[in-house]
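Accompanying notes for the structure given below.
Each value in this text was obtained by applying a stated rule to the coordinates, not by laboratory testing. This one's a predicted model, so the numbers in the text were calculated from it and none came from an experiment. Cβ coordinates were reconstructed from backbone atoms using ideal geometry, including for glycine residues, and neighbour counts include every protein chain displayed.
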Amino acid sequence: MAKKRTVRTIPQERIPVSELDPFIRARNFEEVNCGYTESEAIRESERCLFCPDPKCIDGCPVSINIPAFIQKIGERDFRGAYDIITATNLLPAVCGRVCPQENQCEGVCTVGESLVSVAIGRMERFVGDLAITNGWINKPYIQPSEFKIGIVGSGPAGMACAADMAKAGCDVTVFEAFHEAGGVLRYGIPDFRLPNTVVDAEIEKLEQLGVKFECNTLVGRLFTIDEMIEELGFDAVFIGTGAGYPTLLGIPGDSLNGVLSANELLTRCNLMRARDFPNVDTPLPLGKHVVVVGAGNTAMDALRVSKRLGAETVACVYRRSKNECPARAEEVHHAEQEGIEFHWLANPVDILGDGNGNVRAVRCIHMELGEPDDSGRRRPVPIPGSEFEIETDEVVYAIGTNANPIIGQTSKLKLNKRGYIETDSNLMTSMAGVFAGGDIVTGAATVIEAMGAGRKAARGMKDFLGIRDIGPLRIDRSLFGIDAREHNFMRVRVGA
Amino acid sequence: MITHEKAVFARYEAFEILTRENYSEVTYMLEVHHPMMARAAQPGQFVIVMSHATGERIPLTIADFDRQKGTITLVIQAVGKTTKEMQQTCQAGTALYGMAGPMGIPSHVTNARRVICVGGGLGVAPVYPQARALKEGGAYVIGVLGYRTKDLIFWEDKFRAICDELIICTNDGSAGLKGFVTDGIKQAIAQYPDIDEIIAIGPPVMMKASAQATKPFGIKTMVSLNPIMVDGTGMCGGCRVKVGEKVKFACVDGPDFDGHQVDFDDLMVRLRRYKEEERAATERWSESCRMAQVPA
């Protein structure tokens, strides 16, 4: 019986993870966080206290059984760790990289109360990457059902719903408007945070489950949601079209050349690989002095991408202070290391042109925090007379997004006042058999929340269609002489 | 809503070009096989096309669609690297790498009784389906087509078949009326005091001039805007245009807008955004073509 761990007996420091040198990495798109090695992951697993009442599980939006998978890592049963994670989270290699763990599992970790919390995210990523390298896939015996499911949008919400419905035996097709699948994982999150090879690998795993991906398909226009149900033979539909419509500041100079949304910058750079221009055809705006407005994860991505594209100076302008900044802590930290300047408590009022339609400077005003607004955060208030100018030839807006309008325009689905799709508690929309989840319902949120919504909608869909789900098969000892590790089990339905 | 055939899903590995025709040294036509797109396409809509995996995404208006044959028609002008390269590589029997659509809000075909449909240069192609739809709706359609010179004229027959009257304008006077489409518009307005609506499509400077020409008469003038686009689905804002006091995205709020409200000057400035990169890319590409022709 192993000696019970206490906060004093576990390794006191978090096992550090290798990262690329900031000076070098700021000029290339290599992944910055190199991930744990096997021995590092095992060592970090020794820091978990296996609390009798694990708060981390509740901290996770999809309630991964965290202590259980950490224990498997400690036992060197990495496949077992993968099985546990994928019982609830489809894409550990993605989530281990992009979840804001500090606000989720790691934020409520018991160890974190006196020391630095257990590095749950890094261990999850380690397991996810190992699964990709080794080609692990949990492909249960799938008894085909006669149901045909359509998924609109190949981002995290759609992928998660697709996986669950495929595992329930349905014929699943995922429709994607772009020429490559992945949604925000592909066009939004840059390679140095989430390599496209990881996205490719996860898509391939879904294809192995029988999911079909149809790109170049703009649902709503090529065919409507109604037509999917009434003419194309789909029994149920999930809408995960996201909230990509960028918000603009609406200040003078908004439409000058050199002002663009972060979505445009990232789509050109990531999806269209414009960073390789002229070896690819899509050009990029290449400013020498870039200013990004906003301080969420998208803003951090825009800042760090601009640095890598060769900008001499890259600055962030955010109207609140660093404490209120919504970006993932690791991203802000990495951005600072890479030499990005931060103008906290500043807001643009005017974008100035050079007379030829191009940006030459942005005039900002200093802000101070006043009374709290509806979100509970203190409202920033301009300080009169405190204007200052930043010389710039490229201004990137990363100040939020709105619902993608196409499904709303082409269907009679009930939308809320801000254009997002209304759903009931099972994520079903106002049209029977049509479900929705992710940013198109909640507004811009995170990858893991989108996946959680996809899974929740899948549960609602199975209920709606009358699919009785037997649930995932959990075997942790050998049965009939077959070792659990052989993953050789078939699920057989007995009786009528 | 126009009734159509029941939807049938088919998967396409690539988008085959069935027919290729050259209308001039710079203008060419592609007829692309895509039965689902042909079924869904409405006047005014466009597609976004990639000719190869490392290509750009470019918007092209759907100039015609044949629901029986299952094809859509694109008319392209070779002005930059991508369109010049496509002029070489997109022959019948080849395929496009990516094509998504039909994008944009379909043109609102009204109950207008007498309309003028104006096409300037390449704009002749995208105005065709709108003119045809208006004709099918019972309107009296006056077509005004403008070209620089006689050799650049295309689709005259197609328009004669659907227009009640056709005015051809050439800048150099080599055919039809000598002048610009605005001269044709003014002629038509002078002849018919009861014009309900005008549709004008072509280069921004032409659409601006057409809108200015009709404004004193207070005739509703719809234009179709052609800003630079990347995704075409409303998520990047690259195609934003100023219409009245508002900012609209041409790909999901347009591409048709009220010509009297559009800030054309802003559109023309924003269209110049990648002028340098475009020029350099075209030069590089021309250079590589020349080098490919040099015998080893």
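Here's the picture: charge each Lys and Arg Cβ at +1 and each Asp and Glu Cβ at -1 in the protein assembly as shown, and of B:225, A:445, B:280 the one pushed furthest to the positive end of that dipole is A:445. Taking a sphere under 10 Å around the Cβ of residue B:74 and counting the other residues whose Cβ falls inside, with K and R at +1 and D and E at -1, yields a net charge of -2.
If you plug the beta carbon distance of residue A:378 and residue A:103 into 1/(1 + (r/R0)^6) with R0 = 25 Å, you get a FRET efficiency near 0.85.
Out of residues 5 or more away from residue A:346 or on other chains, whose amide H comes under 5 Å of its own, with H placed 1.01 Å from N in the peptide plane? Excluding prolines and chain starts, which carry no amide H, the hits are A:318, A:319, A:320, A:367.
Mind grabbing the base-10 log of I(q)/I(0) for segment B:20-95 at q = 0.16, 0.18, 0.21 Å⁻¹? Debye formula, identical points on the C-alpha positions, no solvent, two decimal places. Debye intensities relative to I(0), on a log10 scale: -0.56, -0.71, -0.96. Summing charges over all other residues whose Cβ lies under 13 Å from the Cβ of residue A:356, with Lys and Arg as +1 and Asp and Glu as -1, gives +1. Of all DSSP bridge pairs formed entirely within chain A, close to 40 percent run antiparallel. Compute the angle between helix B:124-136 and the longest alpha-carbon principal axis of chain B, please, reported from 0 to 90 degrees and rounded to the nearest 10. Between helix and principal axis, roughly 50 degrees.
Of the peptides A:380-392, B:81-93, the ranking by mean beta-carbon count within 10 Å, highest at the top, reads B:81-93, A:380-392. Computed over Cα pairs, the Kirkwood radius of the protein assembly as shown leads via Stokes-Einstein (0.890 mPa s, 25 °C) to a diffusion coefficient of 86 µm² per second. Neighbours of residue B:104, meaning other residues whose beta-carbon lies under 14 angstrom from its beta-carbon, give a summed charge of -1 when Lys and Arg score +1 and Asp and Glu score -1. Amide H contacts for residue B:71 (H built 1.01 Å from N in the peptide plane; partners 5 or more residues away or on another chain; cut-off under 5 Å): B:34, B:66.
Protection proxy ranking, highest mean first, for peptides B:37-43, A:109-115: B:37-43, A:109-115, where packing is the per-residue count of other beta-carbon atoms within 10 Å, averaged. Taking the DSSP bridge list for segment A:259-374 and keeping only pairs wholly inside it, about 45 percent are antiparallel. The mean count of C-beta atoms from other chains within 10 Å of the C-beta of residues in B:49-57, rounded to a whole number, is 5. Between residue A:386 and A:366, the built amide H atoms are under 5 Å apart, and every one of these is 5 or more places off in sequence or on another chain. Sequentially through segment B:16-32, phi angles give Karplus couplings (6.51, -1.76, 1.60; θ = phi - 60°) of 6, 8, 7, 10, 9, 9, 9, 8, 6, 5, 10, 10, 9, 10, 10, 10, 10 Hz, Gly and Pro residues having no value and appearing as x. The tail of the calculated P(r) for segment A:141-194, taken as Cα-Cα distances beyond 17 Å, holds 42 percent of the pairs. Centre-to-centre separation between the Cα atoms of segment A:392-419 and those of segment A:11-43: 36 Å. Here the spin labels are modelled as points 7 Å beyond Cα on the Cα-Cβ line, and at residue B:291 and residue A:20 they lie 2.8 nm apart. Taking 0.36 nm per residue of separation and subtracting the current Cα-Cα distance, fully stretching the chain between residue A:55 and residue A:426 would add 131.0 nm. Taken over segment A:18-176, the convex hull of the Cα atoms encloses 143 Å³ per residue. Between helix B:204-214 and chain B there is an angle of about 10 degrees, using the helix long axis and the longest principal axis of the Cα atoms. Take each residue in A:212-221, count the other chain C-beta atoms within 10 Å of its C-beta, and the mean is 6. Evaluating 6.51 cos²θ - 1.76 cosθ + 1.60 at θ = phi - 60° for every residue in segment A:380-396, the Karplus couplings come out as x, 10, x, 9, x, x, 9, 5, 8, 10, 10, 6, 7, 10, 8, 10, 10 Hz, glycine and proline recorded as x. Rounded to the nearest whole Hz, the Karplus-based 3J(HN,Hα) values (6.51 cos²θ - 1.76 cosθ + 1.60, θ = phi - 60°) of segment B:185-200 follow the sequence 4, 4, 4, 5, 5, 4, 7, 10, x, 10, 5, 7, 7, 10, 10, 10, with x at glycine and proline. Relative contact order for chain B: 15 percent, from Cα pairs under 8 Å spaced at least 6 residues apart, divided by residue count.
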